[in-house]
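Each value in this text was obtained by applying a stated rule to the coordinates, not by laboratory testing. Since the structure is predicted, the reported quantities are computational estimates derived from the model, not experimental observations. Don't worry about glycine lacking a Cβ; one is built from the backbone with ideal geometry, like all the others, and counts go over all protein chains shown.
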Amino acid sequence: MDTISAGFWGGYFATAAIMLAGIAHVLGQGLYRVPVNASISLTICTAFVVAYLGGLPFEDADLQARVQALVGLLTATLLAYMLLDLFGYLRYHRRVRRAILGLAGLAMVAVWWLPAPQALRAGAVASGLLALFALGFCLRGARYGERMTWAAAGAVLSMLVAMAGLNAIVLANTPVAWPVHAVSAVAATVYLVIVATALAGRYAYLVEVRRVLAQGPSYDPVTRMPSHTEALRLAEVAFYRHEGEHIQVGVIAVTIGNLYALEQLHGRAAVNHAMFVCAGRLRRSALSQVTMGRLDDDGFLLLLGHLRDRTRMVRVARAVVARLSRPVVLSTQRDEGKIENGQTQWVANVGVGMIAVDDARIAAPSAVSRARAMSRTALSFEGRIAWHDSFSGEIAELPADVR
């Protein structure tokens, strides 16, 4: 194998290593079905590549050809089966399952009894037929409007191209040109990327379901945060945890002041989309030891524990204003196919109120109510942040020079 071909296959194995690291991360989260499926797909595909690139430890050429044919058939069968199962086809189409397994069984019997050269060719043909069968089924689903079938079809097509290239490499008794290796390696890499993306979506769905099952009514599906009631309970827990310690608890309330106008103009769907985007920005900007939750219908609550001084709370408040004040394009249609075609540009009118509580006698609901009132007052401030000025003893706008 020349240097260019080795470079392309090195890219494939690097992608496989990254996918393996992702599998290890998911295993650490306590979800097992997704990483098991991913590891099986990765192992089968990589074993196929290694076998067809001459990595089998057999000196007998006939035995190696026969094993390569069996590996190719097993790879095509399992990858097609797992791919169709991943996208939910085998759950409702048992005939497809029986057809795949029956064709693979007949091909394996034929490969075992045929002479080695013919067995390798028969294995290549049968693998191609299995991949074409899966591709046709995916395209049939896409014809009837199943959106995920396009991803499945792309994965099957990539698998088909990679198998064709590797079969051409094995069947040619002489070294092939580097473009054949390049196309095969790129196709195999694309297959891994599509499968990893689909499994990542499945993983995110399972994490969401687990969170909903754990929190129940205390979970807000729009913002994917604790609901208003649960946020107040978390505040009480934070206050109780630091009771008797000389540690302040930072309470930051965020109010979005123009949601009512947005609803009157574009409906509730646009409001839900706006809250969804704002909550996502808050989660991405979250610092360590910051607890978040939804506050009423138009706000959020942030709790900062172990607050030694107000510097950290001021930094978080300014980061919240900066992130939530960026424009966002909202969807105003409920049609699933048109969600990504939003054309309504909207900027949140953000008000932030912050208060540092160091007196355990102050009840959590009272502190949250004070911060909430301050956030509404901050809507009229230029800097959009209100705090309790210790010098004047009044609620005032946070000065720009305060760090």
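Highest mean packing comes first when the peptides 35-45, 306-316 are listed by Cβ atoms within 10 Å, giving 35-45, 306-316. In this structure the amide hydrogen of F381, modeled in the peptide plane, comes within under 5 Å of no amide hydrogen from residues 5 or more places off or on another chain.
Sorting the segments 225-237, 153-165, 257-269 by their mean number of nearby beta carbons within 10 angstrom, highest to lowest, gives 153-165, 225-237, 257-269.
Take the Cβ atoms of V50 and R210, set R0 to 41 Å, and the FRET efficiency comes out at 0.70. Packing order of peptides 184-196, 124-136, highest average first: 184-196, 124-136 (average count of other Cβ atoms within 10 Å over each peptide's residues).
Placing pseudo-labels 7 Å out from each Cα toward the beta carbon at A6 and I395 gives an inter-label distance of 7.0 nm. Modelled label positions at L265 and W150, each set 7 Å beyond Cα in the direction of Cβ, lie 3.0 nm from each other.
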